[in-house]
Amino acid sequence: MRVLVVGGGGREHALIWKLSQSPAVKKIYCAPGNAGISSLAECIPVKAEETEKLQKFAREKEIHLTVVGPEAPLSIGITDLFQENGQLIFGPCSRGARLEGSKAWAKEFMTKYNIPTAQYEIFKKPREAYRYLKDVSYPAVVKADGLAAGKGVIIAEDAREAAEAVHYIMEDRAFGAAGDSIVIEEFLRGEEVSVFAITDGETYYPLASVQDHKAIYEQDRGPNTGGMGAYSPAPILSEQLAAKVIRDIFEPLLAGLKNEGINYRGVIFGGLMITPEEKLKVLEFNVRFGDPETQVLLPLIESDLCPLLYEAARGNLQSVSPPKWSSYAAVCVILASQGYPGKYEKGKEISGLEKVSQFENAAVFHAGTSFEGNRTLTAGGRVLGLTTWDPSLKDALAKAYKMADLIDFEGKYFRKDIGHRALRRTE
Ligand code: AMP
Ligand code: GLY
């Protein structure tokens, strides 16, 4: 089978790493890929949003399955385009992608289908939003409706901050058209957890739970990033809570999508809050694998990933068995460039990669790297995802941090407390 993976970060590297272990996969292309990916796949210089080019490429190369990493191409209809041309693709159609692409749509969907989520109001006019801010309790959460590269959520401590947030999103148009509408919602306390399922719209297979660390600094302080680390499974998600995820979230979600006539084939990724009373609330849905969540999920799948994605894309997921899970714990520690998630420099030489290549049950997934001759350079805010798995979370973490010391580049930054919540819970 020839497979095309769309995207070029750590998530895509992990997907390709796992797919390359499949006996069914003979050749992998990646658009645009990165330096690490190029050791497993042929990288082509096409961006993930260039959907027409990708469709033509897949046609020319007679690709059997295209797997989409990021949300942007899904939102603009890459799946619709492939399907219109009779080409197999894993990832939801643009109508399904609204679950992530429009927070207002997702909230209304959740209300309609009784999926637990924070109380909210939607506004299209700033004036009405300002008026509403007088009546809410604080902190309150102000969210741009559309895709804003993870930056469209502002937690406001008081009415003044909330008004600034409304102004920033709707009047300064900080995120462009993504801020034409906003959602203002109740602030929820508790601990976050991510849940995933692969579905063909009828059958779905839940994946393991994950927790990530969004904040740049230790103790989860400072601005949010795409994720500075992750681990799986998340000990907070007890069997009882996992059963609630199925009953209260996945079941009504799938039924709702079907009822709306959306034939959803891809990943469902729920960001949940577990409140101190052990109530589950959906903070957001994503319509793709998480990054870096994928880096810790895939090493724990002992069975072949390819048939799952292939049959989900074909609408025949029930013909394959659910994934077989390892009993290990997996962690990912991100090495980032100094300054991320703000401004940072690129082009710093990375050393020490060869020192960790012999580590067992470990993988270095490249997030933002490039080649210059035979040198590997930094090329993004998140540079590498040091991923390890082991019977014990503690040992997996120790190994990842050993790798973090052996690999170096100018301005290397990483959080030293990845997994702190899980460690506390398991000790
Ligand atoms: P979202 O993109 O909606 O998941 O929001 C990004 C992050 O903002 C989440 O992972 C939470 O940390 C935080 N967040 C979003 N909505 C809420 C809420 N209603 N209460 C508390 N924190 C929130
Ligand atoms: N790590 C969060 C995300 O992929 O959205």
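Taking the stated definitions as given, is Gly385 among the small types (Gly, Ala, Ser), under 25 Å from Pro32 (Cα atoms) and outside any strand (DSSP E or B)? Steps first, answer last, please.
Details: among the small types (Gly, Ala, Ser): yes; under 25 Å from Pro32 (Cα atoms): yes; outside any strand (DSSP E or B): no.
Against the criterion (among the small types (Gly, Ala, Ser), under 25 Å from Pro32 (Cα atoms) and outside any strand (DSSP E or B)), Gly385 does not qualify.
Please list, ordered by first then second residue, the pairs with beta carbon atoms under 8 Å, 6 or more apart or interchain, first in the range 215-229 and polar (S, T, N, Q), second modelled with pLDDT under 90 and within 13 Å of ligand 1 (Cβ to nearest atom).
Pairs that qualify, where the first residue is polar (S, T, N, Q) and the partner is modelled with pLDDT under 90 and within 13 Å of ligand 1 (Cβ to nearest atom), are Asn224/Gly150; Asn224/Lys151; Thr225/Gly150.
Look at the range 41-62 and say how many of its residues are touching a helix residue (DSSP H, G or I) at 6+ places or on another chain (Cβ under 9 Å) and crowded, with 17+ Cβ neighbours inside 10 Å.
The qualifying residues number 9.
Any idea which of Glu71, Glu100, Glu108, Glu12 is at pLDDT 95 or above, acidic (Asp, Glu) and either surrounded by fewer than 17 Cβ atoms within 10 Å (Cβ to Cβ) or over 30 Å from Glu251 (Cα atoms) (or both)?
Exactly one of Glu71, Glu100, Glu108, Glu12 is at pLDDT 95 or above, acidic (Asp, Glu) and either surrounded by fewer than 17 Cβ atoms within 10 Å (Cβ to Cβ) or over 30 Å from Glu251 (Cα atoms) (or both), namely Glu108.
Right, Val267: surrounded by 22 or more Cβ atoms within 10 Å (Cβ to Cβ), away from ligand 1 (no atom under 16 Å from the Cβ), of a type in the set (A, V, I, L, M) and not in a loop (DSSP other than H, G, I, E, B) or not?
When the stated conditions are applied, Val267 does not pass them.
Quick check on the range 199-211: of everything there that is away from ligand 1 (no atom under 16 Å from the Cβ) and under 14 Å from Pro233 (Cβ atoms), which residue is surrounded by the fewest Cβ atoms within 10 Å (Cβ to Cβ)?
Step by step, filter the range 199-211, then rank; the result is Pro206.
Of the residues that sit in the range 252-264 and are in a helix (DSSP H, G or I) and surrounded by 15 or more Cβ atoms within 10 Å (Cβ to Cβ), which one is nearest to ligand 2 (Cβ to nearest atom)?
Leu253
Only residues that are closer than 21 Å to Glu12 by Cα and among the basic types (Lys, Arg): list them for the range 361-404, please.
Arg382
Evaluate the range 290-300: report whether one residue or more is out of contact with any His (no Cβ under 7 Å at 6 or more places or on another chain), surrounded by fewer than 24 Cβ atoms within 10 Å (Cβ to Cβ) and more than 21 Å from Cys332 (Cβ to Cβ).
No, because not a single residue in the range 290-300 is out of contact with any His (no Cβ under 7 Å at 6 or more places or on another chain), surrounded by fewer than 24 Cβ atoms within 10 Å (Cβ to Cβ) and more than 21 Å from Cys332 (Cβ to Cβ).
Does at least one position in the range 236-246 carry a residue that is closer than 30 Å to Leu384 by Cβ and either assigned to a loop (DSSP other than H, G, I, E, B) or more than 16 Å from ligand 2 (Cβ to nearest atom) (or both)?
Within the range 236-246, one or more residues are closer than 30 Å to Leu384 by Cβ and either assigned to a loop (DSSP other than H, G, I, E, B) or more than 16 Å from ligand 2 (Cβ to nearest atom) (or both).
Which residues, taken from the range 144-162, are touching a helix residue (DSSP H, G or I) at 6+ places or on another chain (Cβ under 8 Å) and surrounded by fewer than 19 Cβ atoms within 10 Å (Cβ to Cβ)?
Correct list: Ala148, Ala159.
Could you please let me know if Thr426 is under 18 Å from His213 (Cβ atoms) and of a type in the set (Val, Ile, Thr)?
Details: under 18 Å from His213 (Cβ atoms): yes; of a type in the set (Val, Ile, Thr): yes.
Yes; evaluated as a whole, the condition is true for this residue.
Specify which of the listed residues (Val67, Val141) is within 16 Å of ligand 2 (Cβ to nearest atom) and among the β-branched types (Val, Ile, Thr).
Val67
Specify the residue that is farthest from Ser75 (Cα to Cα); the eligible residues are those in the range 19-34 that are among the hydrophobic types (A, V, I, L, M, F, W, C) and surrounded by fewer than 22 Cβ atoms within 10 Å (Cβ to Cβ).
For the range 19-34, the residue satisfying everything is Ala24.
Would you confirm, using the coordinates I've provided, whether Leu272 is surrounded by 20 or more Cβ atoms within 10 Å (Cβ to Cβ), outside any helix (DSSP H, G or I) and away from ligand 2 (no atom under 16 Å from the Cβ)?
In short, no.
Name the residues in the range 146-198 that are within 11 Å of ligand 1 (Cβ to nearest atom) and either among the acidic types (Asp, Glu) or part of a helix (DSSP H, G or I) (or both), would you?
Hits for the range 146-198 are Glu185, Glu186, Glu191, Glu192.
Does the range 270-303 hold any residues that are of a type in the set (Phe, Trp, Tyr) and away from ligand 1 (no atom under 15 Å from the Cβ), and which are they?
Phe289
Quick check on this structure: which one of Ala97, Ala72, Ala106, Ala118 is more than 30 Å from Trp17 (Cβ to Cβ), among the hydrophobic types (A, V, I, L, M, F, W, C) and within 18 Å of the chain's Cα centre (by Cα)? Show your work before the answer.
On the way: Ala97 fails: more than 30 Å from Trp17 (Cβ to Cβ); Ala72 fails: more than 30 Å from Trp17 (Cβ to Cβ); Ala118 fails: within 18 Å of the chain's Cα centre (by Cα).
After ruling out the rest, the residue left standing is Ala106.
The values are calculated or read from the model by the stated rules, or taken from the named source; none is laboratory data. Keep in mind that what you see is a predicted model, and the values were worked out from it rather than measured. Don't worry about glycine lacking a Cβ; one is built from the backbone with ideal geometry, like all the others, and counts go over all protein chains shown.
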